[in-house]
1. Of all GluC sites (Glu not before Pro) in segment 59-128, which ones are in loop regions per DSSP and have a Cβ with at most 15 other Cβ atoms within 10 Å?
2. Rounded if a/c is under 1.5, else prolate if a/b beats b/c, else oblate: with a ≥ b ≥ c from the C-alpha gyration tensor eigenvalues square-rooted, which is segment 7-164?
3. Relative contact order (percent) for the chain, with alpha-carbon contacts under 8 angstrom and 6 or more residues of separation?
4. Just in segment 18-123: which chymotrypsin sites (Phe, Trp or Tyr not before Pro) are loop by DSSP and have at most 15 other Cβ atoms within 10 Å?
5. Over segment 86-217, what is the relative contact order in whole percent, taking alpha-carbon pairs under 8 Å and six or more residues apart?
6. In segment 122-137, which residues have a backbone nitrogen under 20 Å from the label point lying 7 Å from S157's Cα in the Cα-to-Cβ direction?
7. In nm, what is the difference between 0.36 nm times the number of residues separating V172 and A23 and their Cα-Cα distance?
8. Can you list residues whose amide H is under 5 Å from L13's amide H, if they're 5+ apart or on another chain and H is modeled 1.01 Å from N?
Amino acid sequence: MSATVPGPSGFDLPEFMNWDELAELPEEIARDIELWDGRPVWMRRPAKSHQRFMVRVRNAMEASARVAMGAAGAPCAKHCWEVDVETNVFFTADQSSFLTPDFLICRCRPLDEYTRAEDVVLIGEVLSRSDTPSRRDWKMERYARAGIPWYWEVELSPDKTAVAAVLAYGRVTRSMADPAATVRPLRSVSYALVDIWRPADGDIVFPHPFDIRIAWDDLAP
């Protein structure tokens, strides 16, 4: 008997799936699944407050993107940005591995194309109870290995009614080949914390991938 992955309401999945098999599932089931190297993983549907702040961040980033594109003049591939929420990001050509971050910034692409990791320049999550340390670590490692330069996290207040902090991480590369080293890093690429903002610190200002400016009022519930 083949192994199965138990899901909500008794809906079980096979241990491994491909994109075509996932696409055959009912939409209300498929939208709650990510593929991690061909293994289906159930995602917990976010609470209403989680979705609200996810959209707040996206809207604020898109406003900055529009300003940046306007300042660049005529649209071109180098200065054309899209800001999305809950978009599948594919890591493999066969679409057997993808994650669905809460928000992202990517280079403009045709509407009928999937979002590939190499097109993404910033990716982020609004943290919730389902984001355990091991789950966060695995996702960050996957994003870093895919070459995504920037990763953001949004922390909510204990009662989930406000944004408590926004953290920005940058992708760093570490040498694994130093013959004199007695201790080497476990990973050749990872993310390092580069900035953190709290409401008392003033507006969120970040220079990559364009000039991002977010007022805390823009993130208000």
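FYI, it's all coordinate maths here, none of it is from the lab. As the structure is a computational prediction, the values presented were derived from the model and not from experiment. With ideal geometry, Cβ positions are generated from the backbone for all residues, glycine too; neighbour counts draw on all protein chains shown.
1. Of the GluC sites (Glu not before Pro), the ones in loops of segment 59-128 whose Cβ has at most 15 other Cβ atoms within 10 Å are E113.
2. oblate
3. The normalised contact order for the chain reaches 16 percent.
4. Counting only loop positions with at most 15 other Cβ atoms within 10 Å, the chymotrypsin sites (Phe, Trp or Tyr not before Pro) in segment 18-123 are Y114.
5. RCO, segment 86-217: 16 percent.
6. 126-129
7. Gain in length upon complete extension: 50.1 nm.
8. V5, G7
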